There are 2 protein chains.
Amino acid sequence: MEQVFIYDTTLRDGSQAEGINFSVEDKMRILQKLDEFGVHYIECGWPGANPKDTILFERLRKIKTQNAKIVAFGATRKAGKKAHEDKQVENLLKSGAKVITVFGKSWDFHVTHAIGTTLEENLDMVYETVSYLKKHVEEVIFDAEHFFDGYRHNESYAFKVLEAAFQAGADWIVLCDTNGGTLPNEVYEITKKVVQKFPQARVGIHAHNDSDTAVANSLMAVLAGARQVHGTINGLGERTGNANLCSIIPNLQLKLGFSVVPSQNLKKLTELAHFVSEISNTPLPKNMPYVGESAFTHKAGVHASAVMKRSETYEHIDPSLVGNRRKVTVSDLSGRSNILYKLREMGLEVDDKSPELIKLLEKIKELEKEGYHFEAAEASFELLCKRHFGLVKNYFDLDAYRVLIARRSTDLSPVSEATVRLYVEDIKEHTAALGNGPVSALDRALRKALEEFYPSLKDVQLIDYKVRIVNESEGTSAKVRVLIESTDGRRKWGTVGVSENIIEASWIALTDSLVYKLLKDEEEGIM
Amino acid sequence: MEQVFIYDTTLRDGSQAEGINFSVEDKMRILQKLDEFGVHYIECGWPGANPKDTILFERLRKIKTQNAKIVAFGATRKAGKKAHEDKQVENLLKSGAKVITVFGKSWDFHVTHAIGTTLEENLDMVYETVSYLKKHVEEVIFDAEHFFDGYRHNESYAFKVLEAAFQAGADWIVLCDTNGGTLPNEVYEITKKVVQKFPQARVGIHAHNDSDTAVANSLMAVLAGARQVHGTINGLGERTGNANLCSIIPNLQLKLGFSVVPSQNLKKLTELAHFVSEISNTPLPKNMPYVGESAFTHKAGVHASAVMKRSETYEHIDPSLVGNRRKVTVSDLSGRSNILYKLREMGLEVDDKSPELIKLLEKIKELEKEGYHFEAAEASFELLCKRHFGLVKNYFDLDAYRVLIARRSTDLSPVSEATVRLYVEDIKEHTAALGNGPVSALDRALRKALEEFYPSLKDVQLIDYKVRIVNESEGTSAKVRVLIESTDGRRKWGTVGVSENIIEASWIALTDSLVYKLLKDEEEGIM
């Protein structure tokens, strides 16, 4: 199988996405994951362009990667300067990276209008920068900025730019669709021409998603002969994002028969996508191909029951190949067979004609109407079902809670105080606690009351808290859905609460989270 | 220019997406928008499959569309029955729709394993259902389910199925990539074969996004000769979604030279996308091509300043062609030139070397470190800048607020009470109000105190309220960012507040919202 090389630019181009701001530590963690996963090149930043990237390269000089080559990114020298006198070029060498990518203009309009120099001088800038760098590092990659636009406007000049880089010794010539405006058929034809014109060169593709075809563009370029693909995890990047490696890699490997990463590594793709989503604090769209939570989710009754019989009927690949899993969700479109599937997952065998099952179905429909959504709150759903069948004991009974938030103009921040009164068996607990906000105050007061009886609750940490208005048209008086994600270090679970009152909704999700922990410990015989 | 017909299935296939549940009213509203926009076919549902769709078709019989044909969707007759005896088929006719789409199996494996009949009987089912329906309605569209998988497994049988539909009089033969596993090069080749084999037939494409190439697949099918494209607004749909019409339409019309919708309608594309996002309560990803908020957003300093000079340098199309707009965002990657651009938008001309500007930049950086994000809160950003230059007067001074939320086990829901003490000029106001939750109680108490002085605040409605944890690893003690969207019927604006305390963060966003309304009214001379 022929090899395609993956060039990840999550840390450089990906960090241009709106709302993303990686710290040096974030970059180091992502880099390590990418290296383990088996990408071939990791573009880490532009040394000298900002202090963060300079510090990063200093740290990188001290580590050794397993698989990936560390790449520094920068521009060709300035017009009218010598390459070795250009500070920006010097910074690339100082970074210590053994592979350097330099971008240069290949669209005549950009040469004359954006950087304001002559077409001839631009060719010299490309040639001299590449050949100078090539003397000092192992590999130089030339990134032809705006190549496709350049080709459309002035084909012969665009080729001259590639020729300059190739003659100067560039190891790769990468065709960059900077504005993302090119469609897959064009990418195929143009890449094919480049490959024919430069049979000795190794060619790459760098696509952006402005036309919603970045993944297809990358695949078509490979089919035309490109062997290096640039992209980012989850398609992070400016505007509409870069080409999404999480789709490109499985498409190349599972469908087009190229060798990309070892197949046991491919099984870590979903984990990698979620990891980058967490570090970048960018929620992963559920419907993201291959790695999204819904990518193999079946909702409609017909599909769900067919998939349970023969999975290939409605699945394009086996989800485990990319480390994802099949999900059958509970929703008002689906019927009894889906609920039975979920109950079976929980270890509950119920007769599909039992009146108890029908009552459970009605209860679920009722809650969904109120605004509940169990898709991201499987723990609450499991509690609902098990409570329905009498399988969850009363760990405590609430008597009352109260939260007060007060702020005077002279205060730096408001005070939040919660009190909780509850019974564990016959023992009354009445506790009070302060918190940074009302939910943390409640959380603390509740644990204060319970930890004496259930010490394992100390391990529970709330790792995510999300709020959504259920009926958006009514503003603050509408219903609120709170999703809480918790962990005890071993497991992770989601719970949900719905109410007109955000505190009550939080309370429901909070108590479900703690009860779920107690139930699971009990089921596993830990308590 | 050659016409491509758009077949929208947002209301049918789109409604299969996880978390979507359209009411009859929602469907009617979306249908009206789609019709105004100019799609050619609107698939509304499966009559008889559920009570909602039955009611919908009853209502549809009473209305007249301007542009679009109403389509009812259903299956071929059951094995071993006559078409006219099949209740499901009868329901299609009873719906009153003049165009009917029937799907039939074209993958041999599905015939024998999913519906469990013979290959021969399946051909009869297709032929008889299409020819029976064709006698009663104007147009019959045959949807060849799993066509691409069928073609790969048993090419000759897949063609026999198309042949049966064509011979029976189907007006369109639509190739459906049901599992979404096919790549663009294959779609092109296979569609080309179909077009060559059936030169008399009109061919369509129905793609799903499981390989992240649904848009490209649709385009490649059109390039191979298909002239009807199925898809949904925003790519809504099961698993990874259907082909996104919001990308397909501009690609076909602006780039491939087909005629799709009138160009003045294309300018409403962004509005349509946001409308469907709101009705379906599915937030539109910011990075969605063409219609997303970030699709034409420039963040990095170099790009932003080049775009300001000549927009084609970094934009693949003029955003106004699809009703979107260019945005330059404020972020720590961007420098002075972006802030100056924003200030100019607000009508503030500031010297780019003034010390006040530098102070403002520092203030913004400080707030961003604290967790502020102004990208979705332009009103708060405008207030920040104008306050910095002394252009916002003190409409009121807060003295104190207090919120109490209490619930006893015997209460149906908690009580929320807020008190606010503030000064308008020298007059002290001390108000109290109840609310459905703490934020609505605060909102009411605040308005109670202010409306006497500023009656136009009565027009302000909060239409969205979002909460996000800024530092996800610390659970409920982490910082909270609240985004509020408000409207006064004429304008819409977003404000933001950040605090460890959700109530305080809400308070900041809430007061900014009201102050922004007062400022705008004043600037426009309404007060």
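What follows is calculated from the coordinates using simple rules that are stated; it is not laboratory data. Keep in mind it's a predicted model, so treat the numbers as computed, not measured. Cβ sites come from the backbone with ideal geometry, for glycine too, and all protein chains shown count toward neighbours.
General remarks:
- Fewest neighbouring Cβ atoms within 10 Å first, the residues A:M346, B:M125 line up as A:M346, B:M125.
- Projecting the Cα positions of A:G80, A:F198, B:G231 onto the charge dipole of the protein assembly as shown (unit charges on Cβ atoms of Lys, Arg, Asp and Glu, taken about the Cα centre) puts A:F198 furthest along the positive direction.
- Cα gyration tensor category, rounded, prolate or oblate, for the stretch A:57-110 with a/c compared to 1.5: oblate
- Three-way shape call for the stretch A:363-441 based on the alpha-carbon gyration tensor, with the a/c threshold at 1.5: oblate
- Cβ-placed point charges (K, R +1; D, E -1), dipole of chain B about Cα centre in debye, nearest 20: 740 debye
- Here r is the Cβ-Cβ distance between B:K492 and A:I55 and R0 is 41 Å; the resulting FRET efficiency, rounded to 0.05, is 0.50.
- Over chain A, Cα pairs under 8 Å with separation of 6+ residues give a relative contact order of 9 percent.
- Shielding score for B:175-182, defined as the mean number of other chain Cβ atoms within 10 Å: 3
- Here the protein assembly as shown is treated as a Stokes sphere of Kirkwood radius computed over C-alpha pairs; at 10 °C and 1.306 mPa s its diffusion coefficient rounds to 51 µm²/s.
- Among the listed pairs B:K342/B:K365; A:K33/A:K64; A:K69/A:K134; B:K134/B:K197, a Cα-Cα separation exceeding 18 Å is found for B:K134/B:K197.
- Dipole axis of the protein assembly as shown (+1 Lys, Arg; -1 Asp, Glu on Cβ), positive-most option in A:V291, A:P262, B:L462: A:P262
- Entry note, the protein assembly as shown: the mean residue ellipticity at 222 nm calculated from DSSP H runs of n ≥ 4, each adding -39500 (n - 2.57), is -11500 deg cm²/dmol after division by the residues and rounding to the nearest 500.
- Across A:K393/A:K517; A:K466/B:K386; B:K267/B:K466; A:K94/A:K160, pairs whose alpha-carbon gap is larger than 22 Å: A:K466/B:K386; B:K267/B:K466; A:K94/A:K160
- Rounded Å value of the spacing that divides the Cα centres of the stretch B:50-128 and the stretch A:491-518: 44 Å
- Sorted ascending by nearby beta carbons within 10 Å, beginning with the fewest, B:S337, A:S280 become B:S337, A:S280.
- Summarising the strand pairing of the protein assembly as shown, around 50 percent of its internal DSSP beta bridges are antiparallel.
- Neighbour counts of C-beta atoms inside 10 Å place A:I249, B:I463 in the sequence B:I463, A:I249, starting with the fewest.
- With its label point defined 7 Å out from Cα along the Cα-to-Cβ axis, A:A400 lies at 2.2 nm from the matching points of the other copies, in increasing order.
- Starting from the label point of B:V415 at 7 Å along Cα→Cβ, the same points in the other copies fall at 2.1 nm, in ascending order.
- The label-point distance for B:E356 and A:L119, in a model that sets each label 7 Å from Cα toward Cβ, rounds to 4.8 nm.
- Computed FRET value (nearest 0.05) for B:A400 with A:E524, which takes r as the C-beta separation and R₀ as 56 Å: 0.65
- The stretch A:171-190 and the stretch A:198-252 have Cα centres separated by 9 Å.
- Sorted shortest first, the distances from the A:N67 label point to those of the same residue in the other copies are 4.8 nm; each point sits 7 Å from Cα along Cα-to-Cβ.
- P(r) weight above 31 Å for the stretch B:5-261, C-alpha pairs, percent: 17 percent
- For the stretch A:198-291, a/c is not less than 1.5, where a ≥ b ≥ c are the root eigenvalues of the C-alpha gyration tensor, and a/b does not top b/c. That puts it in the oblate class.
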